[in-house]
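The values are calculated or read from the model by the stated rules, or taken from the named source; none is laboratory data. What you see is a predicted model, and the numbers here were worked out from it, not measured in a lab. Heads up, the Cβs are rebuilt from the backbone with ideal geometry, glycines too, and the neighbour counts pull from every protein chain shown. Surface accessibility is based on the protein's heavy atoms, side chains included, excluding ligands, DNA and RNA. Shrake-Rupley method; radii C 1.70, N 1.55, O 1.52, S 1.80 Å.
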Amino acid sequence: MRITVIGTGYLGAVHAVCMAQAGHEVLGLDLDAAKIDALSSGRAPFFEPGLPELLAEGLASGRLAFTTDPAEAAAFGEVHFLCVGTPQQPGSNAADLRYLHAAVESLAPHLHRPCLVVGKSTVPVGTAAALAAKLAELAPVGAEAELAWNPEFLREGFAVEDTLRPDRLVVGVTGEHAEAVLREVYAPVLALGTPWISTDLATAELVKTAANSFLATKISFINAMAEICDATGADVTTLADAIGHDARIGRRFLDAGLGFGGGCLPKDIRAFHARAQELGVGSALDFLGHVDTINLRQRTRTVDAARELLGGGFAGRQVTVLGVTFKPDSDDIRDSPSLHVARMIAAEGAEVRVHDPEGLANAKSAHPELECVDSVEDACAGADLLLHLTPWRQYRELDPAEVATWVRAPRLLDGRNALDASRWAAAGWTLRLLGKPAPSPVG
Ligand code: UGA
């Protein structure tokens with residue numbers, strides 16, 4: 001099929017590449033000429049495992065191309081996927097839908113033949129219906145430019161795998177024709193036995209916000225338990241393992257620590273609550289405000305624990321932060337809990353050095369006040385305290401005895417409870433974990 005993908009950010013670039021991999025003819029559209037130049041010459045504009053290889057394959061096959069021209073995209077596609085960002089509005093919890101409306105406004109006037117426009121962006125419930133009306137009004141072909149909603153559940157770091165082999169496909173449609181077209185688009189994925197859920201527009205929009213809200217709630221639940229564990233000497237990891245054996249609960253997304261960040265969960269729970277308030281049912285989602293508060297509190301709890309480890313103050317101390325991205329296997333620093341902690345500690349007078357395997361370039365341009373260091377050894381040299389805040393595999397592979405020779409004092413706060421604490425203690429490190437007692441240093 002001939003498919004366009006409008007918006008080539010995280011979601012769009014991965015979707016375009018994977019649709020070409022699935023055998024479709026794909027044209028990616030973005031107004032950002034630098035991004036289109038990069039993609040056209042085979043450079044992925046962000047770090048995502050597996051993406052550069054598939055981008056190169058797609059370009060070489062001749063099935064994947066990119067443009068900045070909406071008229072060209074409109075003329076090319078039978079199916080147009082809307083993949084633009086819906087960030088948090090400045091000064092409000094609600095979602096900013098301006099890019100989505102702009103995308104429809106730039107595409108619609110060029111739609112001269114019947115087609116399907118498919119929204120993938122995360123949106124407040126009711127957005128799809130409004131966009132369907134706008135599309136029918138602005139497109140020369142009228143209501144034959146049909147709208148459907150097809151939320152995306154990909155995780156950064158696993159985006160290619162999640163797109164090619166998703167655990168479900170959800171489509172919101174207003175008629176059988178749209179569903180048939182989408183079944184054809186996803187035929188290779190459906191052939192893998194992927195569950196297919198076809199529903200109305202509002203339910204499809206809600207599936208996405210409900211899923212992200214549930215995941216955020218799960219993380220804040222275990223972090224609330226971590227606070228109770230800290231007050232009682234109990235161990236949150238054992239607690240999570242034990243409750244996770246109950247298949248109704250499940251162990252995934254119960255890793256306690258510094259909490260969630262990124263470009264999705266934080267803004268999505270806020271936008272969902274804001275939308276519920278607009279609908280007059282805000283109290284149904286008031287708990288999401290608590291989820292947000294518990295999540296943000298893990299950042300101040302981490303700063304408090306770090307201060308305590310240093311004997312009460314940061315002034316004049318050197319602190320090294322390992323990991324600046326919001327999660328490993330990504331270079332994304334949007335609402336990164338780790339960077340937030342680093343900035344709070346710097347504001348209290350510490351000299352903060354940060355390291356990350358992939359996120360340093362982004363951190364450098366966004367936060368020139370932090371010292372970004374390329375090698376772990378140089379970042380740790382002379383440190384009074386190490387903070388392990390993003391659980392990259394590289395940090396789990398460090399030799400604690402060797403790292404002890406780099407620092408001024410062997411103190412470590414593991415904000416992700418991901419390092420082998422007994423190994424670090426055995427090498428003489430004083431440790432602090434979140435929600436569990438730390439083994440005492442040996443020697
Ligand atoms: C999230 C959802 O998981 C995807 O399904 C969804 O498609 C995506 O948002 C989106 O809306 O686009 P992502 O933002 O890539 O994906 O990241 P997650 O893997 O969900 O992790 C989010 C944050 O939670 C990270 O900061 C991570 O460190 C934290 N986390 C995760 C925990 O603190 N504990 C856990 O047990 C799991």
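Among the residues here, Leu182 qualifies as within 18 Å of Glu78 (Cβ to Cβ), open to solvent by less than 30 Å² (accessible area, probe 1.4 Å) and more than 10 Å from the ligand (Cβ to nearest atom).
The residues of segment 190-216 that are away from the ligand (no atom under 16 Å from the Cβ) and not polar (S, T, N, Q), listed by number, are Leu190, Ala191, Leu192, Gly193, Trp196, Asp200, Leu201, Ala202. In segment 25-54, the residue that is nearest to Leu107 (Cα to Cα) out of those that are surrounded by 22 or more Cβ atoms within 10 Å (Cβ to Cβ) and touching a residue at least 40 places away in the same chain (Cβ under 8 Å) is Leu29. One residue stands out among those in segment 207-253 that are among the aliphatic types (A, V, I, L, M) and within 21 Å of Leu154 (Cβ to Cβ): the one that is surrounded by the most Cβ atoms within 10 Å (Cβ to Cβ), which is Ala216. Scanning segment 189-244 for residues that are touching a strand residue (DSSP E or B) at 6+ places or on another chain (Cβ under 8 Å) and either part of a loop (DSSP other than H, G, I, E, B) or aliphatic (A, V, I, L, M) (or both) yields a count of 10. Within segment 121-131, the residues that satisfy the criterion of being in a loop (DSSP other than H, G, I, E, B) and touching a strand residue (DSSP E or B) at 6+ places or on another chain (Cβ under 8 Å) are Ser121, Thr122, Val123, Pro124. Among the candidates His80, His15, the residue that is open to solvent by less than 10 Å² (accessible area, probe 1.4 Å), touching a Lys or Arg at 6+ places or on another chain (Cβ under 9 Å) and not aliphatic (A, V, I, L, M) is uniquely His15. Just to verify a result, which residue in segment 137-172, among those that are charged (D, E, K, R) and more than 16 Å from the ligand (Cβ to nearest atom), is farthest from Asp268 (Cα to Cα)? Looking at the filtered set, the residue picked out is Glu144. Looking only at segment 247-286, residues that are small (Gly, Ala, Ser), in contact (Cβ under 8 Å) with a residue 40 or more places away in the chain and within 13 Å of the ligand (Cβ to nearest atom) come to 7 in all. Considering Gln298, Gln318, the condition of being within 11 Å of the ligand (Cβ to nearest atom), open to solvent by less than 60 Å² (accessible area, probe 1.4 Å) and more than 17 Å from Ala95 (Cα to Cα) is satisfied by Gln298 alone.
Residues that are over 19 Å from Leu296 (Cα atoms), out of contact with any Cys (no Cβ under 9 Å at 6 or more places or on another chain) and within 16 Å of the ligand (Cβ to nearest atom) do not occur anywhere in segment 332-355. Number of residues in segment 308-327 that are of a type outside the set (Ser, Thr, Tyr) and within 23 Å of Ala363 (Cα to Cα) equals 12. A single entry from Ala139, Ala129 fulfils the requirement of being over 24 Å from the mean Cα position of the chain (by Cα) and either open to solvent by 30 Å² or more (accessible area, probe 1.4 Å) or hydroxyl-bearing (Ser, Thr, Tyr) (or both): Ala129. A residue that is touching a Phe, Trp or Tyr at 6+ places or on another chain (Cβ under 7 Å) and either among the polar types (S, T, N, Q) or under 29 Å from Asp332 (Cα atoms) (or both) cannot be found anywhere in segment 234-246. Against the test of being touching a residue at least 12 places away in the same chain (Cβ under 8 Å), of a type in the set (A, V, I, L, M) and within 16 Å of the ligand (Cβ to nearest atom), the options Val303, Val291 yield a single qualifying residue, Val291. Selection of segment 267-295 for residues being open to solvent by less than 10 Å² (accessible area, probe 1.4 Å) and among the polar types (S, T, N, Q) yields only Asn295.
Among all positions in segment 112-120, there is no residue which is assigned to a helix (DSSP H, G or I), surrounded by 21 or more Cβ atoms within 10 Å (Cβ to Cβ) and without any contact (Cβ under 8 Å) to a residue 60 or more places away in the chain. The test for being open to solvent by less than 40 Å² (accessible area, probe 1.4 Å), more than 16 Å from the ligand (Cβ to nearest atom), touching a Phe, Trp or Tyr at 6+ places or on another chain (Cβ under 9 Å) and of a type in the set (Gly, Ala, Ser) holds for Ala22. Given (1) more than 30 Å from Thr127 (Cβ to Cβ); (2) within 16 Å of the ligand (Cβ to nearest atom); (3) free of Cβ contacts under 8 Å to residues at least 60 places away in the same chain, where does Cys229 come up short, assuming only one miss? Every condition holds for Cys229 apart from (3).
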